[in-house]
Amino acid sequence: MLAVEELHKVYDGRGRRVEAIGDLTFEVEAGSFVCVVGPSGCGKTTLLRCCAGLLAPTSGTVTLSGAPVTGPPEGLAVVFQEYGRSLFPWLRVADNVDLPLRAAGVAKATRRELVGEALGAVGLADAHRAYPWQLSGGMQQRVAIARAIAYQPRVLLLDEPFAAVDAQTRADLEDLIRDVWRRFGMTLLFVTHDIDEAVYLGQRVIMLTSSPTRVAEDLPIDLPDERDQLTTRGDPRFAELRGRVYAQIQKAKLEGRTT
Amino acid sequence: MLAVEELHKVYDGRGRRVEAIGDLTFEVEAGSFVCVVGPSGCGKTTLLRCCAGLLAPTSGTVTLSGAPVTGPPEGLAVVFQEYGRSLFPWLRVADNVDLPLRAAGVAKATRRELVGEALGAVGLADAHRAYPWQLSGGMQQRVAIARAIAYQPRVLLLDEPFAAVDAQTRADLEDLIRDVWRRFGMTLLFVTHDIDEAVYLGQRVIMLTSSPTRVAEDLPIDLPDERDQLTTRGDPRFAELRGRVYAQIQKAKLEGRTT
Amino acid sequence: MRILLGVAGLLGFGALLELAPRVGLVSDRYAPPTSTILVTLAQRTGESRFWLAVADTLRTWLLGLLIAVALGVAVGIALGTVPVVRRATASTVEFLRPIPSVALIPLVVVLYGSTVTSTLVLVVYAAFWQVLVQVMHGVADVDPVARDTARTYGLGRLARVRYLVWPTALPYVVTGVRLAATVALILTITGELVIGSPGLGQEIATARTSGAVPAMYALTVVTGLLGVLANVATRAAERRVLHWHPSLRAEVAA
Amino acid sequence: ACGADGADEPAPGQPDKVTVGVIPILDVAPIYLGIEQGFFDERDIEITLEQAEGGAAIVPAVVSGQYQFGFSNMVSLLIASSEGLPVKVVSNGNNSTGVDGEDFAALMVKADSPIRTAADLEGKTVAANTLQNIVDTSVRQSVRKAGGDPTKVRFTALPFPDQPAALASGQVDAVFVVEPFQQAVLAEGGRAIASSYVDAAPNLTVAAYFTSQQLLADNPDLATRFTEAMAESLSYADSHPDEVRTIIASYTEIAPEVIEKLTLPTFPPEVNRESVATLADLALEDGLLSKAADVDALLP
Amino acid sequence: MSGILARVGYALALPVVLVAVWWFASAGSTDFYFPPLSRIVAVFPDTWLSSRLADDVLPSLTRLGIGYGVALLAGVALGLAIGSNRVVAAVTEPLLEFLRAIPPPVLVPILILVAGIGDTMKVLVIVSGCLWPVLLNTVDGVRAVDPVLADTCRTYRVRGGRRWWHLVIRSASPRIVTGARQALSVGIILMVISEMFAASSGLGYAVIQFKDGFRIPQMWSGVILLGLLGVLLSVLFRIVEHRVLGWYHGSRDGPRER
Ligand SMILES: Nc1ncnc2c1ncn2[C@@H]1O[C@H](COP(=O)(O)OP(=O)(O)OP(=O)(O)O)[C@@H](O)[C@H]1O
Ligand SMILES: Nc1ncnc2c1ncn2[C@@H]1O[C@H](COP(=O)(O)OP(=O)(O)OP(=O)(O)O)[C@@H](O)[C@H]1O
Ligand SMILES: O=[N+]([O-])[O-]
Ligand SMILES: [Mg+2]
Ligand SMILES: [Mg+2]
């Protein structure tokens, strides 16, 4: 449903030319959960922005359900890596979560319920009336996640969404995301730099090389669909897969250094 | 050398009163490497700001080498959790790293060398002339780290400094920080939400409860001083210690939820 | 405390102007001491004619300001958020902006006579640009991540203006209003003075052409005080609508 | 643009409502006095006076029909008419006293100034309320008369109210002021060196009331009645100086003790055509006019 | 290349349309105050391209340049002091607001007393108008410094002049530029107003002289010249701004390619 074809992206401005994305082609089927890992600065955020229709590729195309993506398509939500800047400082936490719903014309009662549920799910039930800048980094990031969840998008793009939270909260959020994904059957593209997380969450892990990035490997994760933090991570197949990803990443990185 | 005594901090503004730090007392000896872990929103950043003299505690004191901290003391560097906002958008990467050195009156040649070394060490040797907003999140975070390292502070406070980088880079940076610490004999307070990282890096791990935060446990890490990613993490003592921290954190979090 | 300091500032200035003629630094014929001015002012405040003039001036001023701000904000946001329109109008705006209201006086008088409308047109023309420029720069200050957020979550153009562009531009708008408020006041007075529509400006003109120097300055003091009042009002509004802004957040300031 | 829409059609039995643009100075005392004396009421004219600081707003307002009549200095009207503006004088305004050293306006210097006569102004700076107008033309004539070269005098534009201060502080070498600023300069010890309005022409008509050609064509009767009422007002003013002083106190803010001392202009009912012709010649000579003015077309 | 063409196209399209409309709408005009554009254009060269350029336009521009420069420096300096110190702000704000509301015709006599009637006075009139946009915007800019950046400077002990420059001024610079931009056109307006007083030459003086001398086509040509001057100065301003605020526009527009 989300198809990236021969995507190529060069940043060129202010005396700096960076070929961020070399040549990317892959597809994400409707309703699937795909994780993307790759070294820092390889072009993951760039890729996500192209998929969201926020950035025009230098060449190549992104299509969603057959239609070329030229602007943000409907029913798509993004959790930005710069979570702090993606919250509106002039709106309280609940209003930040509420805003996309209002824009979508959701009824007031439903909105209140969705907002309350989402904030509760990320552990911020008592921060409704705070302003974003009164929150810790991790709390801000969770507000951004709550906003995306409450929106119930068909396609959800997440850019290192758990980077600022502690291990325990992260585990909880991982389960939350998988739960939401299964409940609503949405399509998920999840960028992370945590290999364990990628393997634990995804049905597939796409590994990218350093920039100009290409697909280093596209690894199906054949772990059972029912996952939980203890058994899944204890599964020997999990260890095997994460070893595979780890090795691949290291190889990609080394390659990137020599080329 | 860095002593936190009966520290207490309440945020009070715009209809929201948060007791961030309940009552904290601990000490960090000169030249030691202490890691702090705790749930998201528990008050780690608040603690670091108090230690840096950037935030006045509601009560209690912080003293550095016997002198009460009322403003940022000399020879102290901080890597802020909001790495993006802590870089000067109007300065190129190299100038961002250079600025504190210029302020300290370091000679030009030395400065150039320090800046080059630090940027090289974090893997940004070719980004000298870029502006921060031309960089990926992880790259920005590494610039902030490079700036702190180049400054060669006596006391270094880091607030989740590797949150935005991939696993491989993170491992490299962990080793870099330990290397720098040992080379310059600085005192290090390192906030992280990665339990493995805390155990791998520190000589001690201070675990905090949810806010209003207290010290849940202060755990000495009796791993050998020579550490490396493979052997140390493979050490059974490492697994034991990380299990201990994990359990403690979970306990603290549950407690926090019930109170 | 703030108020006391502000009053102290005004008093200090007043004292300076009291002393300068008293010690012979300037002739008290042309720069009468503050006390003389204030006494004259006190006498004026006893006359109904004075208050009628103040009321006339206030009406023209506030109406002109209101129109200028509404127009400036609307046009500024339209130009700022639709790049094609901005690019197409930029040169025309730059052309019209530096044309002084005073050069337009005969034309305005031909069209509207020496009525309040004429003064109003001048006021709106001059104050409009003050708001427009600020709004356009404010609109351009939107954080790209916030902008992308709004776009991906399907906020329509209106919602984007309401929830993203407007709050971002608000600090600029407040400054624009503060600038426009005094420009509008100055043009109100100048218009009344030159065109002769009723108000404080006309009173000033009469005092001036009669060589009644203390009366002229007494009326000028009223103008200044109106300016101070306008600022008090905008500052109060600012504290309400911009409380979330870093410059007004209490905790950060500590 | 707006033709006659300003003038109300005279309804039978109803007085004509008329707006006249004036400057709040003593020159316009007769019209105030005439209104008070009922000279306009008698002729079914109901006047509203609009004050403006200078002529800037009055001429366009009259031409566009916003005002029916206006008050302006003669040179401005000469220039306006020679530039093709459809204006027509309907009444005299005010004249110089014709007495050298005792006019309502004077060319003045500081007490300790070495300047004795207008000829000494060569190479000096003189303040005039507006340039290329009646003041500098008259002053040049004073210089000429005193045997100096008027082209060597520098003029700088400065409103009357600002002139005494500029003179006192030595910013300018001489000023040309009208009352009440003449009194202000005298009070500072200043000295008159010439009565330029007297030098320009005997009994010079300094200013006049005018209307637009449009109104003259549409409503000649109104213009005639206005002219008559003005003539009566002017005569009355000329013969009742004390009432002039009283009425000045009502529409200006000139201090009572100054009003007593003011030298008043004279208010003959008829325009001094000869003086206007002389003025037109001087204006042409000084380059204010690009071509000779048609004085007869302008004057009634 | 095509970028430049597009720019020129955008810059000229609307003016061409407006001029055409004006030209034809005014073609048969007999209204004294709204002469046909063709007449205005016809008098333009004789009016301005003769000795007036050197005698009137250049001195005006010189005064504008000096006044604008002084206002920029003073506005930024005052703005830094007021924006960074709450006591200074509290003491000065009402006074400045008071002064700000005083109309130039009333202010001028005072200026004449202290500065005479020469160029200094006219420059001061320009300063008295240009100062405020710069000042107000600088104050706002200084107050809105990102607290994280301010903390960064504090911990790394970037202080004194270096802090002023690298933290305060640079972060306020987008606002300062807004003020400077605003002040530029205010400056042109006050250049004209300043020449209403004690002048005998200058662009504004000439325009007012034409107005008072009922030479309406010439006056219009002066108004047009003022407008053209505004366009020219804004182009120059944009070039400077592009250099000074490259980082700002980069960070605001950078990834916006849609
Ligand atoms: N706005 C921009 N202007 C210029 N170059 C940019 C811009 N944004 C990103 N880049 C460059 O593109 C490359 C890829 O950046 P991107 O943000 O996509 O990386 P990333 O994979 O998301 O990294 P990280 O894991 O560190 O967030 C980097 O070299 C970066 O410097
Ligand atoms: N400026 C502020 N104003 C009001 N409350 C604040 C402010 N900063 C932090 N807080 C509150 O203080 C508490 C502790 O915040 P702090 O940033 O110290 O947490 P943290 O431990 O760093 O969390 P994280 O791991 O998510 O960064 C939170 O509840 C937060 O909402
Ligand atoms: O437009 N102004 O004359 O201020
Ligand atoms: Mg990224
Ligand atoms: Mg934190």
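The values are calculated or read from the model by the stated rules, or taken from the named source; none is laboratory data. Remember, predicted model here, so these are calculated numbers, not experimental data. Don't worry about glycine lacking a Cβ; one is built from the backbone with ideal geometry, like all the others, and counts go over all protein chains shown. Heads up: the accessible areas ignore ligands, DNA and RNA and are worked out on the full protein's heavy atoms, side chains in. Shrake-Rupley method; radii C 1.70, N 1.55, O 1.52, S 1.80 Å.
Tabulated results
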| read-out | value |
| --- | --- |
| Percentage of interatomic Cα-Cα distances in the range B:39-139 larger than 21 Å | 47 |
| Gain in span if fully extended, C:I3 to C:L19, counting 0.36 nm per residue against the direct Cα distance | 3.4 nm |
| Assigned charges on the beta-carbon of Lys, Arg, Asp, Glu; chain B dipole about Cα centre (debye) | 780 |
| Total charge dipole magnitude, chain E, about the Cα centre, Cβ charges on Lys, Arg, Asp, Glu only, Debye to nearest 20 | 1000 |
| Accessible area buried, both sides summed, chains E and C with 1.4 Å probe, Å² | 6200 |
| Total charge dipole magnitude, the range E:138-258, about the Cα centre, Cβ charges on Lys, Arg, Asp, Glu only, Debye to nearest 20 | 580 |
| HN-Hα J in Hz across the range B:186-195 - Karplus 6.51, -1.76, 1.60, θ = phi - 60°, x for Gly and Pro | 7, 9, 10, 10, 10, 8, 8, 10, 9, 5 |
| By average C-beta atoms within 10 angstrom, highest first, the peptides B:134-140, B:63-69 | B:134-140, B:63-69 |
| Where only C-alpha atoms are counted, convex hull volume of chain A per residue in Å³ | 131 |
| Kyte-Doolittle mean at least -0.5 and Cα axial length at least 15 Å: DSSP H helices in chain D | D:134-145, D:220-239, D:241-251, D:273-285 |
| Kirkwood Rh and Cα Rg combined as Rg over Rh, evaluated for the range E:1-108 | 1.17 |
| Quarter of the Cα convex hull surface for the range D:203-276, i.e. its orientation-mean projected area (nm²) | 6.1 |
| Cubic angstrom per residue, convex hull over Cα atoms of the range E:35-248 | 138 |
| C-alpha long axis of helix A:108-121 to longest principal axis of chain A, angle in ° | 60 |
| Förster radius 51 Å - calculated FRET efficiency between B:D175 and E:V87 (Cβ-Cβ, nearest 0.05) | 0.55 |
| Amide hydrogen neighbours beyond the local backbone of D:I193, cut-off 5 Å, H modeled | D:L107, D:M108, D:V109 |
| For E:R175, net neighbour charge (Lys/Arg +1, Asp/Glu -1) across residues whose Cβ lies under 10 Å away | -1 |
| Spatially proximal aspartates and glutamates relative to B:K108 (Cα-Cα < 17 Å; intrachain offsets below 8 disregarded) | B:D95, B:D98, B:E117 |
| Radius, Kirkwood style, for the protein assembly as shown when every pair of distinct Cα atoms is counted (Å) | 35.5 |
| D:D242 paired with E:V17, simple spin-label distance in nm, labels 7 Å along Cα-to-beta-carbon | 7.2 |
| Convex hull volume of the range C:49-253 per residue (C-alpha atoms, cubic angstrom) | 140 |
| Across D:K88/D:K291; D:K145/E:K211; D:K110/E:K211; D:K145/D:K261; A:K9/A:K251, pairs whose alpha-carbon gap is larger than 21 Å | D:K145/E:K211; D:K110/E:K211; D:K145/D:K261; A:K9/A:K251 |
| E:F237 paired with D:D149, simple spin-label distance in nm, labels 7 Å along Cα-to-beta-carbon | 4.5 |
| Under 5 Å, built H, 5+ apart or other chain: amide partners of B:T187 | B:G31, B:V155, B:L156 |
| Spin-label pair A:R17/B:D222, simplified geometry with 7 Å Cα→Cβ offset, distance in nm | 6.0 |
| Residue-averaged beta-carbon neighbours from other chains (10 angstrom radius) around B:77-83 | 5 |
| Shielding score for C:118-129, defined as the mean number of other chain Cβ atoms within 10 Å | 1 |
| Most fluctuating residue given options D:L204, D:L282, D:L216, as computed from a GNM of chain D linking Cα atoms under 10 Å | D:L216 |
| Mean projected area (nm²) of the alpha-carbon convex hull when the range E:136-258 is viewed from all directions | 11.5 |
| When the convex hull of its Cα atoms is projected in every direction, mean area for the range A:87-152 (nm²) | 3.8 |
| Residue-normalised accessible area of the range A:1-145, expressed per residue, 1.4 Å probe, Å² | 36 |
| Peptide-level mean, for E:109-119, of C-beta atoms on other protein chains within 10 Å | 6 |
| Amide hydrogen neighbours beyond the local backbone of D:V206, cut-off 5 Å, H modeled | D:N94, D:N95, D:S96 |
| Phi to ³J(HN,Hα) by Karplus 6.51 cos²θ - 1.76 cosθ + 1.60 over the range C:93-107, Hz, x for Gly, Pro | 4, 4, 6, 6, 4, x, 7, x, 3, 5, 6, 8, 3, x, 5 |
| Vicinal HN-Hα couplings computed from phi for the range A:200-213 (Karplus, 6.51 cos²θ - 1.76 cosθ + 1.60; Hz; Gly/Pro x) | 5, 8, x, 8, 8, 10, 9, 9, 9, 7, 5, 6, x, 7 |
| Residue with peak Gaussian network fluctuation, chain C [Cα springs, cutoff 10 Å], from C:F50, C:F95, C:F128 | C:F95 |
| Segments C:214-224, E:15-25 sorted - mean Cβ within 10 Å per residue, highest first | C:214-224, E:15-25 |
| C:A78/E:Y10 FRET efficiency (R0 25 Å; Cβ-Cβ; nearest 0.05) | 0.95 |
| Chain A residue with Cβ closest to the axis mapping A onto B, distance in whole Å | A:A163, 2 |
| Cα-based shape type of the range D:23-153, given that a ≥ b ≥ c are square roots of the gyration tensor eigenvalues and the cut on a/c is 1.5 | prolate |
| Expected 222 nm ellipticity per residue - DSSP helices of 4 or more, -39500 (n - 2.57), all of the protein assembly as shown, to 500 | -17500 deg cm²/dmol |
